[in-house]
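Colleague: Quick one: structure below, then a few questions.
The values are calculated or read from the model by the stated rules, or taken from the named source; none is laboratory data. Computed from a predicted model, the values in this text were never measured in an experiment. Here the Cβ positions follow ideal geometry from the backbone for every residue, glycine too, while neighbour counts run over all protein chains shown. For the accessible areas, the whole protein counts, side chains as well, though only heavy atoms, and no ligand, DNA or RNA atoms are used. Shrake-Rupley method; radii C 1.70, N 1.55, O 1.52, S 1.80 Å.
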Amino acid sequence: MPPKGKESRSKDVVTREYTINLHKRIHKASFKKRAPKAVDQIREFAKKAMGTSDVRLDVKLNKAVWSKGIKNVPFRVRVVISRRRNDDEDAKEEMYSFVTVAEDQNIKGKGTVIVQDA
């Protein structure tokens, strides 16, 4: 619980860029379950990183994971995760996470980056 007078940081709108190592997350998965499991693991990663249970994946990210087929999932994928306000009145949560594939898939030497919205 945050100290009195302080707002929780999980309520802020923020965008971050991450590298997700899918290779270790789908280790020992059978061939026909590798790509679906990778999508589930990306969803789980975003849930943990942003602290929201509502995670939405972009179509481009799904195509990037499935680009080499169901068996040969890319070892690593660079993603942009943004925590956004939920506009639905009847939504359970006030925030949701939107995950999309990063423009630059060059991974070497890049850690977590906070993206500045223009």
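Colleague: Of the residues ARG56, ARG78, ARG43, ARG83, which is in contact (Cβ under 8 Å) with a residue 12 or more places away in the chain, in contact with a Phe, Trp or Tyr (Cβ under 6 Å, 6 or more places away or on another chain) and charged (D, E, K, R)? Please lay out each step first, then the result.
Modeller: Details: ARG78 fails: in contact with a Phe, Trp or Tyr (Cβ under 6 Å, 6 or more places away or on another chain); ARG43 fails: in contact with a Phe, Trp or Tyr (Cβ under 6 Å, 6 or more places away or on another chain); ARG83 fails: in contact with a Phe, Trp or Tyr (Cβ under 6 Å, 6 or more places away or on another chain).
Just one listed residue meets the conditions, ARG56.
Colleague: Also, I was wondering about something else. Could you list all residues from the range 106-118 that are within 20 Å of ALA49 (Cα to Cα), open to solvent by less than 100 Å² (accessible area, probe 1.4 Å) and polar (S, T, N, Q)?
Modeller: Across the range 106-118, the qualifying residue is only THR112.
Colleague: Right, here's the next one. Cβ contacts < 7 Å: first residue in contact (Cβ under 8 Å) with a residue 60 or more places away in the chain, restricted to the range 88-109; second residue of a type in the set (Val, Ile, Thr) and in a strand (DSSP E or B), any location; separation 6+ or different chain. Result?
Modeller: ALA102/VAL79; ALA102/VAL80; ILE107/THR19
Colleague: Of the residues PHE98, PHE75, PHE45, which single one is among the hydrophobic types (A, V, I, L, M, F, W, C) and in contact with a Lys or Arg (Cβ under 6 Å, 6 or more places away or on another chain)? Even if it seems obvious, please write down each step before you answer.
Modeller: Working: PHE75 fails: in contact with a Lys or Arg (Cβ under 6 Å, 6 or more places away or on another chain); PHE45 fails: in contact with a Lys or Arg (Cβ under 6 Å, 6 or more places away or on another chain).
Criteria check complete, one pass: PHE98.
Colleague: Confirm whether VAL59 is among the hydrophobic types (A, V, I, L, M, F, W, C) and modelled with pLDDT under 95.
Modeller: Details: among the hydrophobic types (A, V, I, L, M, F, W, C): yes; modelled with pLDDT under 95: no.
No, not satisfied.
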